[in-house]
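Heads up: the structure comes next, in structure tokens.
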Amino acid sequence: MESKGIIVPDGVHEVLLHACCAPCSSAIVEWMIQHDIRPTIFYYNPNIFPREEYDIRKNESKRHAESLVLQWIDGDYDHEQWRQDVCGLEDEPERGRRCEQCFVLRLTEAARQAKKLGLQYFATTLASSRWKSIEQIERAGHLAEQAVEGTTFWAQNWRKGGLYERRNQLLKEYAFYNQQYCGCEFSQRKVLIDNNNQ
């Protein structure tokens with residue numbers, strides 16, 4: 001099935017949706033519900049730093065899911081392990097190898113969670129952000145499905161079909177906290193440098 005540039009795999013009625021934050025999730029979740037697809041929200045983002053920022057984003061994601069009576073699952077926050085997993089990539093630019101490694105880590109965990117729940121398909125709201133590389137996300141998703149037998153990555157550019165514009169409307173309607181950087185200390189550092197150079 002195709003709807004305004006969004007291609008739905010045949011027979012999908014449930015999906016595990018890896019959520020990076022509530023603003024990026026909102027329009028995707030709304031679209032899925034409108035098209036008879038029930039998402040289970042999986043919040044797994046050990047990249048986010050500092051812990052206070054992580055908790056704010058997590059609580060907003062949970063609030064959003066609860067308002068729609070959707071199952072919401074809290075993934076573990078182990079930032080130190082994440083730092084070890086991206087060790088040596090700290091100075092990579094945004095959209096570089098560190099970001100792709102981060103996507104692989106998070107989407108592989110999403111695939112594991114999908115399998116645990118008996119769901120074949122998993123998707124990610126990372127593919128709604130204009131700051132992210134769709135190609136990197138798709139590669140990471142396919143590596144994740146290869147790593148976890150019996151899962152399938154729903155590779156979709158969630159900026160299409162007016163969803164990016166709808167995201168901005170829902171951001172205001174829900175009064176979501178809207179973060180100013182991707183999540184990790186390295187992306188935060190880049191934002192600070194860019195702001196200081198303006």
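Counting only residues that are free of Cβ contacts under 8 Å to residues at least 24 places away in the same chain and farther than 25 Å from Gly162 by Cα, how many does region 121-148 have? Looking only at that region, the number is 2. Return the residues of region 141-174 that are farther than 11 Å from Pro23 by Cβ, among the aliphatic types (A, V, I, L, M) and out of contact with any Asp or Glu (no Cβ under 6 Å at 6 or more places or on another chain); say none if nothing qualifies. Of everything in region 141-174, those that are farther than 11 Å from Pro23 by Cβ, among the aliphatic types (A, V, I, L, M) and out of contact with any Asp or Glu (no Cβ under 6 Å at 6 or more places or on another chain) turn out to be Leu143, Ala144, Ala147, Val148, Leu163. Taking region 13-30 as the range and being more than 18 Å from Arg63 (Cα to Cα), out of contact with any Leu (no Cβ under 6 Å at 6 or more places or on another chain) and open to solvent by 10 Å² or more (accessible area, probe 1.4 Å) as the test, only His13 passes.
Yes or no, residue by residue, for (1) open to solvent by 50 Å² or more (accessible area, probe 1.4 Å); (2) in contact (Cβ under 8 Å) with a residue 60 or more places away in the chain:
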position: Leu70; (1), (2): no, no
position: Gly75; (1), (2): no, no
position: Asp78; (1), (2): yes, no
position: Leu119; (1), (2): no, yes
position: Thr152; (1), (2): no, yes
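Restricting attention to region 44-63, the residues being open to solvent by less than 10 Å² (accessible area, probe 1.4 Å), under 14 Å from Leu17 (Cα atoms) and part of a helix (DSSP H, G or I) number 1. Which ones in region 82-117 are over 18 Å from the mean Cα position of the chain (by Cα), exposed (fewer than 15 other Cβ atoms within 10 Å of the Cβ) and farther than 18 Å from Gly150 by Cα? Once the filter is applied, which keeps residues that are over 18 Å from the mean Cα position of the chain (by Cα), exposed (fewer than 15 other Cβ atoms within 10 Å of the Cβ) and farther than 18 Å from Gly150 by Cα, region 82-117 yields Gln84, Cys87, Gly88, Glu90, Asp91, Pro93.
The values are calculated or read from the model by the stated rules, or taken from the named source; none is laboratory data. Keep in mind that this is a model prediction, so the values were computed, not measured. Virtual Cβ from ideal backbone geometry, glycine too; neighbours counted across all protein chains shown. Heads up: the accessible areas ignore ligands, DNA and RNA and are worked out on the full protein's heavy atoms, side chains in. Shrake-Rupley method; radii C 1.70, N 1.55, O 1.52, S 1.80 Å.
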